[in-house]
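The values are calculated or read from the model by the stated rules, or taken from the named source; none is laboratory data. Predicted model only: the values in this text are computed from it and were never measured. Ideal geometry is used to build each Cβ from the backbone, glycine not excepted, and the neighbour counts take in all protein chains shown. When the accessible area is computed, the model is the full protein with side chains, heavy atoms only, and any ligands, DNA or RNA have been set aside. Shrake-Rupley method; radii C 1.70, N 1.55, O 1.52, S 1.80 Å.
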Amino acid sequence: PVVETDPRFHALLRRSFPGLAVIDRQVRAEGEGAVYDYERAVPALGLTRHIHAGDLPGRYRRDRNRPSSLRGYLTADPRKVAHWRGRLAEIDGAGPLVGICWRSMLSSGVRSVYYATLPDMLPILRVPGCRFVCLQYDECDGELDALRRDHGIDIWRPLDLDQREDLDGVAALMSALDVVVSTATSVCVLAAAVGCETIRLAPSFYSISDGRDFFFANITPTIRRAEVMDVRVAIERAAGLLQDRAPDPD
């Protein structure tokens, strides 16, 4: 099998599926735009069939009464995981390490309903005993500074990790955390894929089930199918889930 994907995922996929062939996206410029061009890849790799990744669930997950028991399928670099565990051990406290992401880089139009501001996340950030790690991959230093100044809450951010480009490093960082709380972003998907316990501030993927995710046993969705998407409701519920995990302050 051959997988065409963003180069940032190549190392993860090769490590997780030995023998898998991985190629860059077959895109070439044309005029003012771009087109997918497989003229060279098809004969070079001997390809005879193709399928879009999003169509695979229709072939392998047809029965909604048989949810997956899988807790991730990607394998992070064990040396990098050990590195991040050492770094995270330096954070003050002894409570669970909680990765947090509150928005996507693309939040225009209908997508914005699914995202939050950092102050919106305060019910989660005020859960006692938790140590928070920033998984926000765009510029957010000003927001973190304001949170520290206005609310006395510090979220640790690994400034030497490019969380947009170094996805192999991000996967290792996530694998060293106890739980990730994320809105419906790529952060949520990657955390689940590497097997990290994940609280999704949104419905289940594909809105197939309530209270669990159909494709990942390690994801807990916080919005039910019949509910209108309200990220503040999701945040309150996530805070309750974290409260159950946090150590007794006494």
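Sorted largest first, the principal axis extents computed over the alpha-carbon atoms of the chain equal 65, 42, 38 Å.
Hydrodynamic analysis of the range 79-201 uses the Kirkwood radius over alpha carbon pairs. Inserted into Stokes-Einstein at 20 °C and 1.002 mPa s, it gives a translational diffusion coefficient of 147 µm²/s.
For the range 114-214, the relative contact order comes to 21 percent (Cα pairs under 8 Å, sequence separation of at least 6). Under a 5 Å amide H cut-off, with hydrogens placed 1.01 Å from N, A21 pairs with V3 among residues at least 5 apart or on other chains. Could you give log10 I(q)/I(0) at q = 0.14, 0.15, 0.24, 0.27 Å⁻¹ for the range 169-228, computed by the Debye formula over C-alpha point scatterers of equal weight, without solvent? One equal scatterer on each Cα of the range 169-228 leads to -0.33, -0.38, -0.87, -1.06. Sorted on the mean count of surrounding Cβ atoms within 10 Å across their residues, most packed first, peptides 84-93, 50-59 read 84-93, 50-59. Here's how it looks for F132: its modeled amide H is under 5 Å from those of V98, W156, which are all 5 or more places away or on a different chain. Relative contact order, whole percent, for the range 38-131 stands at 26, derived from Cα pairs under 8 Å and 6 or more residues apart.
Per residue, the solvent-accessible area of the range 95-165 (1.4 Å probe, heavy atoms of protein chains only, all protein chains present) comes to 47 Å². Computed packing ranks the peptides 65-78, 131-144 as 131-144, 65-78, most packed first, by mean other Cβ atoms within 10 Å. Note that the range 116-131 has calculated 3J(HN,Hα) couplings of 10, 8, 4, x, 4, 7, 4, x, 6, 5, 8, 5, x, x, 8, 10 Hz, one per residue in order, obtained from phi through the Karplus relation 6.51 cos²θ - 1.76 cosθ + 1.60 (θ = phi - 60°); glycine and proline are x.
Ligands, DNA and RNA left out, the 1.4 Å accessible surface of the range 155-238 is 48% carbon and sulfur atoms. Bridge orientation summary for the chain: considering DSSP beta bridges with both residues in this region, about 20 percent are antiparallel.
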